[in-house]
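The values are calculated or read from the model by the stated rules, or taken from the named source; none is laboratory data. Bear in mind that the values here come from a model prediction, so they are computed numbers and not experimental data. We place every Cβ from the backbone using ideal geometry, glycine too, and count neighbours over all the protein chains shown. Side chains included, ligands, DNA and RNA excluded: accessible areas come from the protein's heavy atoms. Shrake-Rupley method; radii C 1.70, N 1.55, O 1.52, S 1.80 Å.
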Amino acid sequence: MQIKFHSLDAPIGVFDSGVGGLSVLKHIRELMPHENLIYLADSKYAPYGNQTAEFIQARSFKLADFLINQGAKALVVACNTATASAVAGLRERYPDLLIIGMEPAVKPAVAATKTGVVGVLATSGTLKSAQFAALLEHYGQGTEVVTQACLGLVECVEKGELNNASTLALLKRYVEPLLEAKADTIVLGCTHYPFVRAMIESLVGPDVVLIDTGAAVAKHLRNRLQEKALLNQSTNLGEASFWSNSDADEAQNVIRALWGPDVELKKLLA
Ligand code: DGL
């Protein structure tokens, strides 16, 4: 597929299975306020966590095609699950495009732990992937890494249930085994989870460090844009547009709650 952006003010395209990638977009906005951004939530097909790698790759191709047709100059896969299943395929499909993926922050967690036990909260798709196995092989040696798939948690965030009793109960179930194993560092290995960070903090207490990758991804993106001379030179505040294929009436309100009150959500039909 032809990459068709024409100028440095072309947007950065960011996608996720749903609204979770907004936690990454916030860091991108903070670090690069002059960049224009397009965010695409594949909420109709969320969660990706239990889907096959083939399905996730096919969805990722569709979403990437859309963002490139909108003129994106770079692509951020703001989803650990989609990165594991699709980033290699995306790079093959668009060899000339800057594509940034993400993976659970095992490396910094291993460096930070004092008890020698690291917990990882992620989707089962991420935890079962060959990429995650390779990550553990590479960085997990000598540390006990306890993983926990969080079934149902992405759905809570998609519905905007960020501060209620049932989400808290679900989180408690997932966090307890990590605390029992004496994890003092917990990786938020899914981009939806930073939106329930306050609840996780209330469960784990002040002595447990939570690590997510949003800030590191934004920094890596800026470095790569700089290397390729693709940073926007404008000094105006960049614009952000938001697309979703969700059929839910509350989709716009959920994105407003996570991003800000001015969002006018555009409907993607595919
Ligand atoms: N935000 C995605 C991730 O980072 C969630 C995956 C899902 O939809 O299950 O893994």
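Could you tell me whether the range 186-206 includes any residue that is more than 14 Å from Leu171 (Cα to Cα) and open to solvent by 50 Å² or more (accessible area, probe 1.4 Å)?
Yes, the range 186-206 contains at least one residue that is more than 14 Å from Leu171 (Cα to Cα) and open to solvent by 50 Å² or more (accessible area, probe 1.4 Å).
Condition first: part of a strand (DSSP E or B) and either in contact with a helix residue (DSSP H, G or I) (Cβ under 7 Å, 6 or more places away or on another chain) or more than 14 Å from the ligand (Cβ to nearest atom) (or both). Can you find one or more residues in the range 45-57 that meet it?
Among the residues of the range 45-57, not one is part of a strand (DSSP E or B) and either in contact with a helix residue (DSSP H, G or I) (Cβ under 7 Å, 6 or more places away or on another chain) or more than 14 Å from the ligand (Cβ to nearest atom) (or both), which makes the answer no.
How many residues are over 17 Å from Ala84 (Cβ atoms) and either among the β-branched types (Val, Ile, Thr) or open to solvent by less than 10 Å² (accessible area, probe 1.4 Å) (or both) when one looks only at the range 98-118?
7
Inspect all residues belonging to the range 73-85 and state whether any of them is more than 16 Å from the ligand (Cβ to nearest atom) and not acidic (Asp, Glu).
yes
So, of the residues in the range 31-64 that are of a type in the set (Phe, Trp, Tyr) and open to solvent by less than 60 Å² (accessible area, probe 1.4 Å), which turns out to be nearest to Gly125 (Cα to Cα)?
That would be Tyr48.
Rundown of residues vs (1) more than 22 Å from Glu103 (Cβ to Cβ); (2) in contact with a Lys or Arg (Cβ under 8 Å, 6 or more places away or on another chain); (3) without any contact (Cβ under 8 Å) to a residue 24 or more places away in the chain; (4) crowded, with 16+ Cβ neighbours inside 10 Å, yes/no style:
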| site | (1), (2), (3), (4) |
| --- | --- |
| Ile211 | no, no, no, yes |
| Gly214 | no, yes, no, yes |
| Ala218 | no, no, no, yes |
| Arg224 | no, no, no, no |
| Thr235 | yes, no, no, no |
| Ala240 | yes, yes, no, yes |
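Please state which of the following conditions Leu121 fails to meet, knowing it meets all the rest: (1) surrounded by 21 or more Cβ atoms within 10 Å (Cβ to Cβ); (2) away from the ligand (no atom under 12 Å from the Cβ); (3) under 21 Å from Gly21 (Cβ atoms); (4) not polar (S, T, N, Q).
(2)
Looking at Leu179, Leu268, which one is closer than 24 Å to Ile99 by Cα, surrounded by 15 or more Cβ atoms within 10 Å (Cβ to Cβ) and over 19 Å from the mean Cα position of the chain (by Cα)?
One residue alone meets the criteria, Leu268.
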